[in-house]
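Written below as structure tokens is the structure these notes are about.
The values are calculated or read from the model by the stated rules, or taken from the named source; none is laboratory data. What you see is a predicted model, and the numbers here were worked out from it, not measured in a lab. Ideal geometry is used to build each Cβ from the backbone, glycine not excepted, and the neighbour counts take in all protein chains shown. Areas reflect the complete protein model, heavy atoms only, side chains present, ligands, DNA and RNA absent. Shrake-Rupley method; radii C 1.70, N 1.55, O 1.52, S 1.80 Å.
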Amino acid sequence: MPRPRLALLLWLMMAGVGAAALFFSTGNRLTETFGTDARILHRVLSQRMEQQEAVLNAVDALERQGMDAPTLGTYLDTLLRPYPQVVAVERCSARGCQTLGTPAEQPPLLSVSPSARPTVRWPQGGGPLYALSQNKVRVWVDARRLTGALDEGAAPLTYTLFQPDAEQVIVAHTPATGAASATLRVAKVLGTSLQAFPIHISRPVPWSAWPWAATLLWILLTAGLSVLVFRLLEGRRDAQRALLDERVRAGGVVQAASEAIVALDDIHRVTLANPAARAVLDHPLPPGTDLRAVTTFQATLSQAPFNATSFWDSAVPTALPEGLTLRRGHEAVGVEGSLAPLRGVDGELRGRVLLLREVGPLQRRMLEHLEDGERRVREHEEMLAHVSRLSTLGEMSAGLAHELNQPLTAIVSYGQAAARLLDDPEPDLARVRHAVSASVTQAGRAAQIIMRLRQWVRRAPSRARPTDLLQAVQNVLTLCRADLNRLGVQVQASFEDAPMVLADPVQLEQIVLNLLRNALDAVQDTLEPAIELSIVSEGRSWSLSVLDNGPGIAPEVAPRLFTPFTTSKTGGLGLGLSLSQTLAQGMGGDLSGRDARAGGAVFTLSLPRLVLEAASD
Ligand code: ADP
């Protein structure tokens with residue numbers, strides 16, 4: 001059954017049973033009180049009946065002793081004061097009846113029938129007034145006054161007195177009550193010999209007598225309790241489910257692990273073993289197997305230079321010594337692993353867990369992965385280079401056409417001019433010579449463009465050898481000394497000792513020369529031109545930075561700085577940086593450039609640091 005419905009049912013049951021119990025006990029209490037009150041009323045009425053009979057006896061005795069009527073009347077006025085229900089006393093003879101004393105009510109007419117035995121008689125039509133007579137005396141009783149001066153309390157009783165024979169109502173006492181939910185009833189007979197009248201006593205039970213507030217409180221209380229129980233049940237179910245989930249997940253992890261995992265109880269019997277464990281130990285490892293008796297592992301442990309007993313019983317995680325092998329048939333595999341205690345929530349030892357992994361396959365797998373990764377990187381790089389070369393080829397052809405167009409046009413026009421001059425009857429040989437030498441210069445420029453381009457395209461394989469980066473910088477500085485002095489450039493240099501790199505010294509100088517030339521070009525129009533050279537060690541590389549205080553890199557060339565034919569200079573070829581970067585990358589390094597923070601530009605060449613083994617080659 002779903003939990004909410006169960007909780008509802010529980011609540012309904014608790015609320016119903018509780019409410020029933022409350023109503024039942026209230027009903028019991030009401031019945032009990034009613035019984036007691038009815039008994040008291042019965043006793044009081046019976047006593048009053050006896051009083052009337054006593055009065056009758058007393059007056060009859062006095063009358064028979066011959067007491068005269070006035071004396072008897074005076075006596076009666078005093079005697080009857082405590083008995084309001086006795087409303088008149090008469091003395092009767094054959095001639096009629098005479099009232100004695102002062103009657104509270106005038107008695108009705110009733111025939112005379114003297115009898116020595118006491119009798120009860122009603123006037124014609126019955127009613128609440130009746131007479132008790134004995135010999136000549138008649139005592140009139142008004143049944144309506146029987147319960148006068150009786151404290152009826154908060155829950156008055158209703159009663160009806162009946163005549164003993166005719167079953168006629170003598171008096172019905174019905175105090176005013178509200179709407180009743182039920183009526184309690186009892187029938188008795190008054191306890192006197194003469195007036196043994198049947199009496200029906202009842203009490204209406206008002207709606208307010210029932211425990212409504214307590215029942216409501218109980219219902220609310222049980223509702224709250226049910227909600228609480230429901231929440232507790234839900235919480236417990238959730239916790240159980242989470243625990244189960246966790247267990248299933250943990251089990252899944254253990255089963256899927258590529259390491260061998262064997263859980264043991266406190267006496268080294270297998271409680272759980274994953275497939276890897278069964279494969280590594282070459283044993284089915286059913287639960288209950290004593291792992292110490294598994295021969296493959298026993299043989300492995302016997303190689304360890306330690307006491308096997310203390311290994312098995314260690315209270316702390318213990319690693320297997322390195323170099324152990326596990327023999328499976330003809331195959332021997334290197335293994336490593338550990339045995340760790342498993343503790344309960346209070347830290348008590350519950351068992352142990354053995355982890356084992358084969359070392360050989362792991363290393364082999366790692367190597368395979370590594371080689372695979374390297375191969376993929378290489379393929380990727382080659383593909384990238386191919387793509388970038390294809391894309392630069394287009395740019396290059398456009399640039400080349402543009403660059404060569406200028407000298408070729410010049411050569412054509414100089415050639416035409418020379419031919420025209422030679423056609424003159426008296427050719428001006430000086431002008432012809434000038435035209436020819438100018439076209440030779442332009443042809444030289446075209447050849448230079450083509451030479452630089454071939455250099456760029458050829459990518460001459462670098463003849464890398466241990467090279468001092470500082471030496472290369474100093475050579476270039478010497479080369480450019482004259483220009484530096486001419487422009488008044490202040491050169492600052494900071495170097496670390498012996499920055500040895502693996503590089504082609506000629507190509508390296510070519511790169512440095514390019515960077516220094518560009519810096520010189522950049523600071524040409526600067527007021528106080530300065531160039532700063534520094535070599536620092538960065539991880540596994542040496543970095544040479546060339547910083548100038550020129551105008552910085554022009555925004556239009558910045559995004560294509562290292563693309564061939566990118567230039568902002570008139571007469572510039574725009575091949576220096578792209579060639580330098582290609583050379584640097586060919587040596588396993590890189591070249592980058594950006595605007596310097598304090599103004600100007602900074603270009604950084606990084607080359608792999610020469611490692612000792614390489615140096616000793
Ligand atoms: P070129 O010097 O023939 O223009 P490069 O490839 O050497 O060819 O340089 C390309 C462009 O890079 C230059 O035209 C210039 O705009 C920019 N550049 C290079 N070095 C600097 C520098 N130090 N400061 C500012 N701009 C530079």
Can you say whether GLU32 is surrounded by 15 or more Cβ atoms within 10 Å (Cβ to Cβ) and charged (D, E, K, R), as far as the supplied structure shows? no
Within region 541-592, the residues that are within 10 Å of the ligand (Cβ to nearest atom), under 29 Å from ASN405 (Cβ atoms), open to solvent by 30 Å² or more (accessible area, probe 1.4 Å) and not in a loop (DSSP other than H, G, I, E, B) are ALA558, ARG560, GLN581
Scan region 187-209 for residues that are touching a strand residue (DSSP E or B) at 6+ places or on another chain (Cβ under 7 Å) and open to solvent by 50 Å² or more (accessible area, probe 1.4 Å) and report the count. 6
Quick check on this structure: which one of ARG48, ARG3, ARG64 is of a type in the set (Lys, Arg) and within 60 Å of the chain's Cα centre (by Cα)? ARG3
Anything in region 233-264 that is in contact (Cβ under 8 Å) with a residue 40 or more places away in the chain, open to solvent by 40 Å² or more (accessible area, probe 1.4 Å) and closer than 22 Å to ARG357 by Cβ? List them, or say none. SER258, GLU259
Among the residues of region 318-329, write down those that are part of a strand (DSSP E or B) and either within 20 Å of ILE267 (Cα to Cα) or open to solvent by 30 Å² or more (accessible area, probe 1.4 Å) (or both). THR318, ALA319, THR325, ARG327, ARG328
Residues ALA443, ALA430: which one is over 60 Å from the mean Cα position of the chain (by Cα), of a type outside the set (Ser, Thr, Tyr) and closer than 30 Å to THR563 by Cα? ALA443
Where a residue in region 5-28 is on the phi < 0 side of the Ramachandran plot and its partner, wherever it lies, is of a type in the set (Val, Ile, Thr) and assigned to a helix (DSSP H, G or I), with Cβ under 6 Å and at least six apart: TRP11/THR222; MET14/THR222; ALA15/ILE219; ALA15/THR222; ALA19/THR215; LEU22/THR215
Which of the numbered conditions does ALA519 fail, given that it passes all the others? Conditions: (1) in a strand (DSSP E or B); (2) of a type in the set (A, V, I, L, M, F, W, C); (3) within 12 Å of the ligand (Cβ to nearest atom). (1)
Identity of the residue in region 593-606, open to solvent by less than 40 Å² (accessible area, probe 1.4 Å) and assigned to a strand (DSSP E or B), that ends up farthest from the ligand (Cβ to nearest atom): SER606
Collect the residues in region 337-348 that are open to solvent by 50 Å² or more (accessible area, probe 1.4 Å) and over 32 Å from the mean Cα position of the chain (by Cα), keeping them in residue-number order. none
Here is a list: ALA332, ALA304, ALA315, ALA279. Which entry is assigned to a helix (DSSP H, G or I) and of a type in the set (A, V, I, L, M)? ALA279
Can you tell me which residues in region 490-516 are within 12 Å of the ligand (Cβ to nearest atom) and either closer than 14 Å to LEU533 by Cβ or surrounded by 22 or more Cβ atoms within 10 Å (Cβ to Cβ) (or both)? ILE511, LEU513, ASN514, LEU515, LEU516
Quick one: is GLU538 under 58 Å from the mean Cα position of the chain (by Cα) and within 11 Å of the ligand (Cβ to nearest atom)? no
Exactly one of GLY126, GLY73 is out of contact with any helix residue (DSSP H, G or I) (no Cβ under 9 Å at 6 or more places or on another chain), open to solvent by less than 40 Å² (accessible area, probe 1.4 Å) and under 25 Å from GLN47 (Cβ atoms), and that one is GLY126
Go through (1) more than 30 Å from VAL171 (Cα to Cα); (2) touching a strand residue (DSSP E or B) at 6+ places or on another chain (Cβ under 9 Å) one by one and return the number of the condition ALA250 breaks. (2)
Assess whether LEU10 counts as being touching a helix residue (DSSP H, G or I) at 6+ places or on another chain (Cβ under 7 Å) and open to solvent by 60 Å² or more (accessible area, probe 1.4 Å). yes
Among the numbered criteria (1) more than 18 Å from GLY344 (Cα to Cα); (2) open to solvent by less than 100 Å² (accessible area, probe 1.4 Å), which one does ILE267 miss? (1)
Residue set VAL546, VAL489, VAL476; condition within 27 Å of GLY600 (Cβ to Cβ) and touching a Pro at 6+ places or on another chain (Cβ under 8 Å); output residue VAL489
Is at least one residue of region 212-229 over 30 Å from ARG5 (Cβ atoms), modelled with pLDDT of 90 or more and out of contact with any helix residue (DSSP H, G or I) (no Cβ under 9 Å at 6 or more places or on another chain)? no
